[in-house]
Amino acid sequence: MPRKPKPKTLRPVHPNRGIEAMYRKRLNAEIEAMQKSVVYWLKATYRKNEPRIAQDESPADMLRRTMKDLSKRWNKRFDTMAKKLAAHFAQSVETRSSLALRKILKDGGFAVEFRMTPAMRDVMDATIAENVALIKSIPSQYLTQVEGIVMRGAQTGRDAGQIAQDLRERLGVTKRRAAFIARDQVEKSTASFNRARFLEVGIEQAVWVHSGGGMSKRPSHVKAGRDGVVYDVSKGWYDPDAKEWIQPGYLPNCKCVGRPVLPGIS
(Lines give C-alpha, C1' and ligand atoms only; values in the text may rest on other atoms or scores of the structure.)
Protein backbone atom coordinates (compact mmCIF):
# COMPACT_ATOMS: atom_id res chain seq x y z
CA MET A 1 0.00 0.00 0.00
CA PRO A 2 1.52 3.36 -1.00
CA ARG A 3 2.29 5.72 1.82
CA LYS A 4 0.26 8.86 2.14
CA PRO A 5 2.53 11.87 1.56
CA LYS A 6 3.49 13.76 4.69
CA PRO A 7 2.16 17.27 5.23
CA LYS A 8 4.46 20.09 4.10
CA THR A 9 5.18 23.11 6.23
CA LEU A 10 5.53 26.09 3.93
CA ARG A 11 7.03 29.54 4.29
CA PRO A 12 4.95 32.18 6.08
CA VAL A 13 3.42 35.22 4.39
CA HIS A 14 5.00 38.27 5.99
CA PRO A 15 3.32 41.69 6.17
CA ASN A 16 4.49 44.05 3.44
CA ARG A 17 6.58 46.84 4.95
CA GLY A 18 6.25 48.94 1.82
CA ILE A 19 2.50 49.16 2.38
CA GLU A 20 3.10 50.05 6.03
CA ALA A 21 5.49 52.84 4.97
CA MET A 22 2.99 54.17 2.41
CA TYR A 23 0.22 54.23 5.01
CA ARG A 24 2.39 55.97 7.61
CA LYS A 25 3.64 58.52 5.07
CA ARG A 26 0.10 59.42 3.98
CA LEU A 27 -1.09 59.83 7.56
CA ASN A 28 1.94 61.93 8.48
CA ALA A 29 1.38 64.25 5.52
CA GLU A 30 -2.15 65.02 6.70
CA ILE A 31 -1.08 65.34 10.34
CA GLU A 32 1.68 67.81 9.44
CA ALA A 33 -0.73 69.85 7.31
CA MET A 34 -3.21 69.91 10.21
CA GLN A 35 -0.48 70.96 12.65
CA LYS A 36 0.66 73.77 10.36
CA SER A 37 -2.89 75.05 10.01
CA VAL A 38 -3.57 74.88 13.75
CA VAL A 39 -0.37 76.70 14.68
CA TYR A 40 -0.97 79.41 12.06
CA TRP A 41 -4.53 80.21 13.16
CA LEU A 42 -3.83 79.99 16.87
CA LYS A 43 -0.87 82.36 16.55
CA ALA A 44 -3.06 84.74 14.55
CA THR A 45 -5.70 84.64 17.27
CA TYR A 46 -3.11 85.26 19.99
CA ARG A 47 -1.64 88.22 18.09
CA LYS A 48 -5.09 89.70 17.65
CA ASN A 49 -5.60 89.67 21.42
CA GLU A 50 -2.25 91.01 22.46
CA PRO A 51 -1.97 93.38 24.21
CA ARG A 52 -5.67 94.38 24.43
CA ILE A 53 -8.85 92.37 24.86
CA ALA A 54 -11.75 92.88 22.45
CA GLN A 55 -14.80 94.42 24.05
CA ASP A 56 -17.29 91.84 22.80
CA GLU A 57 -15.41 88.65 23.62
CA SER A 58 -12.44 87.46 25.69
CA PRO A 59 -9.27 85.92 24.22
CA ALA A 60 -10.43 82.56 25.58
CA ASP A 61 -13.71 82.92 23.68
CA MET A 62 -11.87 83.72 20.47
CA LEU A 63 -9.49 80.81 20.94
CA ARG A 64 -12.40 78.47 21.60
CA ARG A 65 -14.14 79.67 18.46
CA THR A 66 -10.94 79.24 16.44
CA MET A 67 -10.57 75.67 17.72
CA LYS A 68 -14.18 74.92 16.85
CA ASP A 69 -13.63 76.12 13.27
CA LEU A 70 -10.38 74.17 12.97
CA SER A 71 -11.99 71.01 14.34
CA LYS A 72 -14.84 71.22 11.87
CA ARG A 73 -12.48 71.78 8.94
CA TRP A 74 -9.96 69.03 9.78
CA ASN A 75 -12.42 66.41 10.93
CA LYS A 76 -14.21 66.83 7.60
CA ARG A 77 -10.94 66.58 5.66
CA PHE A 78 -9.87 63.41 7.48
CA ASP A 79 -13.36 61.92 7.07
CA THR A 80 -13.08 62.33 3.30
CA MET A 81 -9.52 61.01 3.18
CA ALA A 82 -10.24 58.07 5.50
CA LYS A 83 -12.54 56.22 3.11
CA LYS A 84 -10.13 56.43 0.18
CA LEU A 85 -6.99 55.63 2.16
CA ALA A 86 -8.58 52.74 4.07
CA ALA A 87 -9.89 51.17 0.86
CA HIS A 88 -6.52 51.58 -0.87
CA PHE A 89 -4.70 50.11 2.11
CA ALA A 90 -7.01 47.09 2.42
CA GLN A 91 -6.85 46.35 -1.31
CA SER A 92 -3.06 46.65 -1.29
CA VAL A 93 -2.69 44.23 1.61
CA GLU A 94 -5.11 41.72 0.05
CA THR A 95 -3.35 41.83 -3.32
CA ARG A 96 0.18 41.52 -1.93
CA SER A 97 -0.66 38.80 0.59
CA SER A 98 -2.62 36.75 -1.97
CA LEU A 99 0.21 36.98 -4.52
CA ALA A 100 2.76 35.98 -1.89
CA LEU A 101 0.65 33.02 -0.74
CA ARG A 102 0.04 31.87 -4.29
CA LYS A 103 3.82 31.86 -4.90
CA ILE A 104 4.46 29.96 -1.66
CA LEU A 105 1.80 27.36 -2.51
CA LYS A 106 3.14 26.99 -6.05
CA ASP A 107 6.65 26.39 -4.70
CA GLY A 108 5.12 23.73 -2.46
CA GLY A 109 3.58 21.97 -5.45
CA PHE A 110 0.05 23.30 -5.05
CA ALA A 111 -1.14 25.65 -7.80
CA VAL A 112 -4.17 27.79 -7.06
CA GLU A 113 -5.92 30.88 -8.42
CA PHE A 114 -7.58 33.06 -5.81
CA ARG A 115 -10.95 34.75 -6.18
CA MET A 116 -12.71 37.38 -4.09
CA THR A 117 -14.86 34.97 -2.09
CA PRO A 118 -17.57 36.03 0.40
CA ALA A 119 -15.16 35.26 3.24
CA MET A 120 -12.50 37.49 1.70
CA ARG A 121 -15.06 40.22 1.07
CA ASP A 122 -16.01 40.09 4.75
CA VAL A 123 -12.37 40.53 5.74
CA MET A 124 -11.99 43.36 3.22
CA ASP A 125 -15.06 45.20 4.50
CA ALA A 126 -14.05 44.75 8.14
CA THR A 127 -10.51 45.97 7.42
CA ILE A 128 -11.79 49.07 5.64
CA ALA A 129 -14.28 49.86 8.41
CA GLU A 130 -11.67 49.49 11.16
CA ASN A 131 -9.16 51.68 9.36
CA VAL A 132 -11.73 54.36 8.55
CA ALA A 133 -12.50 54.57 12.27
CA LEU A 134 -8.82 54.73 13.21
CA ILE A 135 -8.00 57.42 10.65
CA LYS A 136 -10.97 59.53 11.72
CA SER A 137 -9.90 59.23 15.35
CA ILE A 138 -6.57 60.96 14.65
CA PRO A 139 -7.84 64.56 14.24
CA SER A 140 -10.52 64.05 16.88
CA GLN A 141 -7.98 63.03 19.50
CA TYR A 142 -5.34 65.55 18.40
CA LEU A 143 -7.66 68.55 18.30
CA THR A 144 -9.24 67.71 21.64
CA GLN A 145 -5.79 67.60 23.21
CA VAL A 146 -4.73 70.80 21.45
CA GLU A 147 -7.81 72.63 22.73
CA GLY A 148 -6.89 71.56 26.25
CA ILE A 149 -3.35 72.88 25.78
CA VAL A 150 -4.59 76.18 24.37
CA MET A 151 -7.24 76.80 27.02
CA ARG A 152 -4.87 75.97 29.87
CA GLY A 153 -2.35 78.32 28.29
CA ALA A 154 -4.93 81.11 28.16
CA GLN A 155 -5.83 80.53 31.80
CA THR A 156 -2.22 80.63 33.00
CA GLY A 157 -1.11 83.48 30.74
CA ARG A 158 1.33 81.51 28.59
CA ASP A 159 2.39 83.27 25.39
CA ALA A 160 2.09 82.01 21.82
CA GLY A 161 5.68 80.75 21.74
CA GLN A 162 5.14 78.53 24.75
CA ILE A 163 1.90 77.19 23.28
CA ALA A 164 3.68 76.44 20.00
CA GLN A 165 6.29 74.36 21.87
CA ASP A 166 3.52 72.29 23.48
CA LEU A 167 1.94 71.80 20.07
CA ARG A 168 5.24 70.54 18.62
CA GLU A 169 5.38 67.94 21.37
CA ARG A 170 1.78 66.97 20.63
CA LEU A 171 2.69 66.58 16.93
CA GLY A 172 5.32 64.01 17.90
CA VAL A 173 2.79 62.06 19.96
CA THR A 174 0.28 62.07 17.12
CA LYS A 175 2.83 60.93 14.54
CA ARG A 176 3.92 58.09 16.80
CA ARG A 177 0.29 57.02 17.06
CA ALA A 178 -0.01 57.12 13.26
CA ALA A 179 3.09 54.93 12.98
CA PHE A 180 1.54 52.46 15.42
CA ILE A 181 -1.72 52.39 13.45
CA ALA A 182 0.15 51.68 10.20
CA ARG A 183 2.30 48.97 11.79
CA ASP A 184 -0.51 47.35 13.76
CA GLN A 185 -2.99 47.34 10.89
CA VAL A 186 -0.61 45.85 8.33
CA GLU A 187 0.04 43.02 10.81
CA LYS A 188 -3.63 42.42 11.64
CA SER A 189 -4.99 42.73 8.12
CA THR A 190 -2.31 40.47 6.63
CA ALA A 191 -3.09 37.85 9.27
CA SER A 192 -6.83 38.14 8.58
CA PHE A 193 -6.45 37.77 4.81
CA ASN A 194 -4.01 34.88 5.29
CA ARG A 195 -6.45 33.06 7.55
CA ALA A 196 -9.29 33.41 5.03
CA ARG A 197 -7.08 32.22 2.16
CA PHE A 198 -5.70 29.28 4.17
CA LEU A 199 -9.20 28.03 4.90
CA GLU A 200 -10.28 28.64 1.31
CA VAL A 201 -7.68 26.18 -0.02
CA GLY A 202 -8.14 23.66 2.75
CA ILE A 203 -5.20 24.57 4.99
CA GLU A 204 -6.45 23.90 8.49
CA GLN A 205 -3.21 24.05 10.50
CA ALA A 206 -0.21 26.35 10.76
CA VAL A 207 2.97 26.51 12.80
CA TRP A 208 3.45 29.50 15.08
CA VAL A 209 6.59 31.48 14.24
CA HIS A 210 7.79 34.07 16.72
CA SER A 211 9.40 37.19 15.33
CA GLY A 212 12.13 38.83 17.35
CA GLY A 213 11.54 42.13 15.58
CA GLY A 214 8.70 43.26 17.83
CA MET A 215 8.97 46.19 20.22
CA SER A 216 8.49 43.82 23.15
CA LYS A 217 8.76 40.07 23.43
CA ARG A 218 5.79 38.20 24.85
CA PRO A 219 7.16 35.17 26.74
CA SER A 220 4.24 32.99 25.65
CA HIS A 221 4.86 33.86 21.98
CA VAL A 222 8.58 33.19 22.31
CA LYS A 223 7.82 29.77 23.80
CA ALA A 224 5.20 28.97 21.15
CA GLY A 225 7.72 29.75 18.43
CA ARG A 226 10.48 27.79 20.12
CA ASP A 227 8.18 24.78 20.59
CA GLY A 228 6.87 24.97 17.03
CA VAL A 229 3.27 25.05 18.23
CA VAL A 230 0.80 23.87 15.60
CA TYR A 231 -2.51 25.71 15.84
CA ASP A 232 -5.94 25.40 14.29
CA VAL A 233 -6.23 28.11 11.62
CA SER A 234 -9.98 28.49 12.12
CA LYS A 235 -9.81 29.39 15.81
CA GLY A 236 -6.16 30.31 16.36
CA TRP A 237 -3.87 29.51 19.27
CA TYR A 238 -4.77 29.92 22.93
CA ASP A 239 -2.33 32.41 24.43
CA PRO A 240 -2.00 31.48 28.12
CA ASP A 241 -0.80 34.96 29.03
CA ALA A 242 -3.47 36.88 27.14
CA LYS A 243 -6.01 34.20 28.11
CA GLU A 244 -7.67 34.25 24.71
CA TRP A 245 -7.56 32.58 21.30
CA ILE A 246 -5.51 34.66 18.88
CA GLN A 247 -4.00 34.62 15.42
CA PRO A 248 -0.38 35.66 14.73
CA GLY A 249 -0.09 39.44 14.47
CA TYR A 250 -3.42 40.14 16.16
CA LEU A 251 -2.19 41.54 19.46
CA PRO A 252 -0.64 45.04 19.53
CA ASN A 253 2.99 45.04 18.37
CA CYS A 254 2.91 41.29 17.68
CA LYS A 255 4.96 40.46 14.60
CA CYS A 256 4.49 36.69 14.77
CA VAL A 257 3.39 34.81 11.65
CA GLY A 258 2.10 31.36 10.80
CA ARG A 259 3.70 28.80 8.51
CA PRO A 260 0.87 27.04 6.64
CA VAL A 261 0.83 23.25 6.83
CA LEU A 262 -0.10 21.83 3.43
CA PRO A 263 -1.99 18.56 3.95
CA GLY A 264 -0.53 15.43 2.39
CA ILE A 265 -2.40 14.49 -0.78
CA SER A 266 -2.56 10.84 -1.82
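When nucleic acids and ligands are ignored and a 1.4 Å probe is applied, I135 ends up with an accessible area of around 0 Å². The largest accessible area among H88, H221 belongs to the first residue in H88, H221, and the rest follow in falling order (1.4 Å probe, all chains).
Principal axis extents of the C-alpha atoms in the chain (largest first, rounded to whole Å): 98, 37, 25.
In the chain, helices alone account for a calculated mean residue ellipticity at 222 nm of -23500 deg cm²/dmol, with every DSSP H run of four or more residues adding -39,500 (n - 2.57). Considering the stretch 73-218 at the alpha-carbon level, its Rg and Dmax are found to be 20.8, 72 Å. Among the protein heavy atoms of the chain, carbon and sulfur supply 53% of the accessible surface, probe 1.4 Å, non-protein parts ignored. Remark: C-alpha extents of the stretch 67-125 on the principal axes read 60, 21, 10 Å, sorted largest to smallest. Listed by chain and number, the lysines placed with their C-alpha closer than 18 angstrom to that of K36 are K25, K68, K72, K76, K175; residues fewer than eight positions away on the same chain are left out. Which of T144, T174, S98 sits farthest toward the positive end of the charge dipole of the stretch 98-181, with +1 on the Cβ of Lys and Arg and -1 on the Cβ of Asp and Glu? Towards the positive end, the residue furthest out is S98.
Quick check for you: which residues of the stretch 204-244 have the amide N under 15 Å from the point 7 Å beyond the Cα of V112 toward its beta carbon? Counting backbone N atoms under 15 Å from the label point, the list is 204-207, 233-234. The accessible-area ordering, largest first, of the residues K8, K175 stands as K8, K175, per a 1.4 angstrom probe.
Rounded to the nearest 20, the size of the Cβ-charge dipole of the chain about its Cα centre is 680 debye, with Lys and Arg at +1 and Asp and Glu at -1.
The values are calculated or read from the model by the stated rules, or taken from the named source; none is laboratory data. Please read these numbers as outputs of a predicted model, since none were measured by experiment. When we count neighbours, we look across all protein chains shown, and the Cβ atoms used for this are built from the backbone with ideal geometry, even at glycine. What goes into the accessible areas is simple: the full protein's heavy atoms, side chains included, and nothing from ligands, DNA or RNA. Shrake-Rupley method; radii C 1.70, N 1.55, O 1.52, S 1.80 Å.
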